[in-house]
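The values are calculated or read from the model by the stated rules, or taken from the named source; none is laboratory data. Computed from a prediction, not measured in an experiment: that's the story for all the values here. Heads up, the Cβs are rebuilt from the backbone with ideal geometry, glycines too, and the neighbour counts pull from every protein chain shown. Only protein heavy atoms, including side chains, enter the accessible area calculation; ligands, DNA and RNA are left aside. Shrake-Rupley method; radii C 1.70, N 1.55, O 1.52, S 1.80 Å.
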Amino acid sequence: MDNNWLKKNTFHHSEFKDISRLVEEKIRKNLTIALCLPTLNEEKTIAKEIIIIKSELMTRYPLIDELVVVDSGSTDNTRKIAREYGAEVYKATDILPDIEAFKGKGENLWKALYITNSDIIVYLDADIKNIHHRFVYALVGPLILFDNIKFSKAFYDRPIATGTSKIRPTGGGRVTELVIRPLLSLFFPELTQIMQPLSGEYAGYREVFEKIPFPVGYGVETSMLLDIYEKWGLDVIAQVDLDRRVHRNQDTKALGKMAFVILKTFCNRIEKLGIVNLNKEIFDEMIQYNFVRNKYEPDIFKIKGVERPPIIEISEYRKKFNIM
Amino acid sequence: METYLDKLPSFVDAIKSIKETIIANIVFIGQVPAPTFNEKRRTSVFMDRLAEAQVDECSTDGYRNPIAIIRGTSQTKPPIFVVAHLDTPFDADIDHNFTIKENSIKGPGILDNSLGAGVLASLPEIFRKLNLCFESDIVLAGVIQSMGKGNLRGIRHLLKTWATPIRGAVCVEGVDLGRINYYSYGMIRGEIDCNIPAAKEWEHQFKPNAILILNEVINQILQLRLPQRPRSRVIIGKISGGFKHGTIAYDAKLCFEIQSDSDKMVKAIHNNIKDIVDGIGHESGVVLKIRTISNLRASKLKYDHPLVKSALAIMEKLDIQPINDPSESELSIFLSNNIPALTLGITNGENYHLKNASMEIEAMFKGIAQLIGVIMAIDSGICDG
């Protein structure tokens, strides 16, 4: 395997810390940039993300032109808080209301393409406890400074915040190491050079995102990576080391569900690409067991695996962006 | 005086309009752990924020206190100091990530004193927003090694080595809005350690208990007759020791503070406590040691000092209820160097020294307006002559 890509297309966030240079280049190239935060009950972290990005990358340096929150129907104060701090806030179900609505992160990202107008879209998970504006400018940096780069993805150390106000130094990225990396090694060894294929922080040009399908749930990162790789090759992708990201810990069962969705997305992709031929349809239920009152009871998580088509195929989108 | 007093209420909304910048500074600085003696990383972030705000000068002094200067229009007026201590009482391994809600920021150290440091770092942008420039240079100093065993070393060093006169100073603390400190008690902060050599199994049941020894020390301290005038008191602040439930404690520590508005009285009480410690140590046959970890001289501005009067007028204009208390902080060092100074609190908060300390956002804008008012008052010459 040629690992030139790793050397050539891997960056550290400090390489882009001259934000005024990024702003100059952005203006020179006549680009606009939108930041989208997909949310579902993120009242503990959303305000900080909005405040820091607004303060540093909208007020101090005019790098970001649009800041939108697309919410999956939070039952806490996420939308209220986000509005209070000046983000444009949408309920996912209110966007493109004439088409059937689904619930999930991928759905929010896909719909963000419709409501934003910018050339570059940055997607950031809304549960980052140690948010810093480098999470945005470092992802945007390669896209602005290098003409060949169309999609950039974050990687980092992932300490976990436990419930006791202490930080555990390791333990993140279990689904990456146990699920997606072995799969990539088996089917797309070149893509193993991507340190964290499942990271929820990435940025890319509209012209890329609008031409790929979006699974509505957790599988969106997997499918996005495989689709961009298949369509444009590895050289349009960059990865940026963001140093450290503190996130909420998830239990093994929740990770199991996430792994299930990712495996399903992966299987669908490799079949679609003709790499394998599955002789029978795979199931869409993840079955876990709970021990309740001396009995094992199944806990069934059903995932339909709905996938949104490339948004460029949607007539409302074509109309909004004057695409013939 | 009237001119700037009248402007103050309108400052509140103008300051609020850049709330993202102020909150971002509080978060960036406050999320970097800074236990006393380990403030290096926070110092560096604090300086980065001031450099980003394009102050005229930004560097550290010989003791590594970070200092920024906003140049004034006058060549002759002495500088005005605005200081906030950078250290907090929390260890580095505690999760320092703050949570922001609609009207609160929560996290360890937010009130003492990440909020103060964040506001200090925001002042250059706030001055720009309010279109303010001053005759005096404004020196923004984040001082290190302030709390506990730090014994205010940062500010002591800064003032000892500052070559020119200082026109006046404001110390910025997180809470409470309305706090106005203009005098400091004389103070000695000390620790009493009791150590008993570890026992062999057979003597386990008969050896003295370090906790009970300290209990006797406390009893005797409480029997001291302290005068009403000069006002004096001994605070038993912290006690720790022992190993487990079923083992006689072989070590214990007592932390105390003597406060009085007379330095002589502080010394006298300290000597009394020393006698108690020597006596009990001698009679019990244990190692009982007393040591001083910090001390301060009593110092004060008079109530009718123009700085105090102006600050109270500013508070009244902003509808802030003043809360008057002594403060053993950077203020003492300014006052004992004959520099007119005040300590002001910025907002309201709860759970002061707990991990879940929380500050109120909305009240902060008034607290900052009050701080700006006091800086303007000093710049108008109220402390001169």
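Taken one residue at a time, the phi angles of region B:181-191 give Karplus couplings (6.51, -1.76, 1.60, θ = phi - 60°) of 10, 9, 8, 10, 6, x, 8, 10, 10, x, 10 Hz. Gly and Pro are set to x. Annotation for region B:248-272 versus region B:319-385: alpha-carbon center distance of 28 Å. For region A:283-289, backbone phi angles converted through the Karplus equation (6.51, -1.76, 1.60; θ = phi - 60°) give residue-by-residue couplings of 6, 10, 10, 9, 10, 10, 10 Hz, Gly and Pro being listed as x.
At a Förster radius of 25 Å, what calculated FRET efficiency corresponds to the Cβ-Cβ distance of residue A:318 and residue A:235, to the nearest 0.05? Kindly include the intermediate steps, with their values, before the conclusion.
On the way: r = 29 Å, r/R0 = 1.15.
The formula returns an efficiency of 0.30 here.
Extension gain, residue A:41 to residue A:157, is 39.3 nm, computed as 0.36 nm per intervening residue step minus the present C-alpha separation. Ranking A:177, B:283, A:43 from most to least accessible surface, computed with a 1.4 Å probe over the protein chains only, gives B:283, A:177, A:43.
For chain A, what does -39500 (n - 2.57) per DSSP helix run (n ≥ 4), summed and divided by total residues, give at 222 nm, in deg cm²/dmol to the nearest 500? Present the calculation step by step, with values, prior to reporting the outcome.
On the way: 11 runs with 106 residues, N = 324.
That comes out to -9500 deg cm²/dmol.
From the Kirkwood radius over Cα pairs of the protein assembly as shown, Stokes-Einstein at 10 °C and 1.306 mPa s returns a whole-number translational diffusion coefficient of 55 µm²/s.
In this simple spin-label approximation, residue A:83 and residue B:133 carry label points 7 Å from Cα along the Cα→Cβ vector, and these lie 4.3 nm apart. Under 5 Å between amide hydrogens, built in the peptide plane, is the criterion, and for residue A:306 it picks out A:216 among residues at least 5 positions away or on other chains. Model label sites at residue B:16 and residue A:294, defined 7 Å from Cα along the beta-carbon direction, differ in position by 6.3 nm.
Amide H to amide H, with H built 1.01 Å from N, residue A:39 comes under 5 Å of A:70, A:71, A:72, counting only residues 5 or more places away or on other chains.
Label reach from residue B:353 (point 7 Å along Cα→C-beta): in region B:284-326, amide nitrogens under 19 Å belong to B:291-296, B:325-326. Restricted to Cα atoms, region B:186-296 shows a radius of gyration and a Dmax of 15.2, 52 angstrom.
Residues of region B:17-49 with accessible area at least 10 Å² lower in the all-protein-chain context than alone (1.4 Å probe)? Residues of region B:17-49 that lose at least 10 Å² of accessible area once the other chains are added: B:19, B:20, B:21, B:23, B:24, B:27, B:28, B:31, B:49. For the protein assembly as shown, carbon and sulfur atoms together expose 49% of the accessible surface, with a 1.4 angstrom probe and every protein chain in place.
Summing both sides, the accessible surface hidden between B and A at a 1.4 Å probe radius is close to 2200 Å².
So if we plug the beta-carbon distance of residue B:323 and residue B:275 into 1/(1 + (r/R0)^6) with R0 = 30 Å, what FRET efficiency do we get, rounded to 0.05? Before the final figure, lay out each step's value.
Values: r = 37 Å, r/R0 = 1.23.
In this case the efficiency is close to 0.20.
Between the amide H of residue B:327 and those of B:183, B:184, B:185, distances stay under 5 Å, these residues lying 5 or more places away or on another chain, with hydrogens modeled in the peptide plane.
Looking at the protein assembly as shown, send over the antiparallel percent of its DSSP beta bridges, to the nearest 5. All intermediate terms of the calculation are to be shown ahead of the outcome.
Working: 67 of 111 bridges.
Here the share of antiparallel DSSP bridges comes out near 60 percent.
The charge dipole of chain A, taken about its Cα centre with unit charges on the Cβ atoms of Lys, Arg (+1), Asp and Glu (-1) only, comes to about 620 debye.
Across chain A, Cα pairs under 8 Å and at least six residues apart give a relative contact order of 21 percent.
Once the piece of chain linking residue A:146 and residue A:14 is laid out straight, how much longer is it, given 0.36 nm per residue of separation minus the C-alpha distance between them? Present the calculation step by step, with values, prior to reporting the outcome.
Values: separation 132, 0.36 × 132 = 47.52 nm, distance 1.60 nm.
Separation in residues times 0.36 nm, less the Cα-Cα distance, equals 45.9 nm.
Which residue, A:152, A:213, A:16, has the largest displacement toward the positive end of the dipole of region A:4-249 when charges sit on each Cβ (Lys, Arg +1; Asp, Glu -1)? Selected residue: A:16.
Hey, which of these cross-link pairs are over 18 Å Cα-Cα: A:48/A:91; A:48/B:106; A:111/A:272; B:19/B:366; A:48/A:150; A:211/A:231? Intermediate results must be reported in sequence, preceding the final value.
On the way: A:48/A:91 20 Å; A:48/B:106 11 Å; A:111/A:272 24 Å; B:19/B:366 12 Å; A:48/A:150 28 Å; A:211/A:231 9 Å.
In this structure, A:48/A:91; A:111/A:272; A:48/A:150 exceed 18 Å between Cα atoms.
How many Å² of accessible area per residue for the protein assembly as shown, probe 1.4 Å?
Details: 31400 Å² over 709 residues.
That works out to 44 Å² for each residue.
Using only the C-alpha atoms, the convex hull of chain A corresponds to 159 Å³ per residue. Projecting label points 7 angstrom from Cα along Cα→Cβ for residue B:218 and residue A:24 puts them 6.5 nm apart. With helices as the sole contributors, chain B gives -11500 deg cm²/dmol at 222 nm; each DSSP H run of n ≥ 4 counts as -39500 (n - 2.57), and the sum is divided by every residue.
Panel note: contact residues of region B:86-134 (accessible area lowered by at least 50 Å² against the chain on its own; 1.4 Å probe) correspond to B:93, B:95, B:97, B:100, B:101, B:102. Taking the centroid of alpha carbons for each part, region A:201-273 and region A:51-99 are 22 Å apart. Using θ = phi - 60° in the Karplus curve 6.51 cos²θ - 1.76 cosθ + 1.60, the 3J(HN,Hα) couplings for region B:71-81 round to 5, x, 7, 8, 7, 10, 6, x, x, 9, 9 Hz; x is entered for Gly and Pro.
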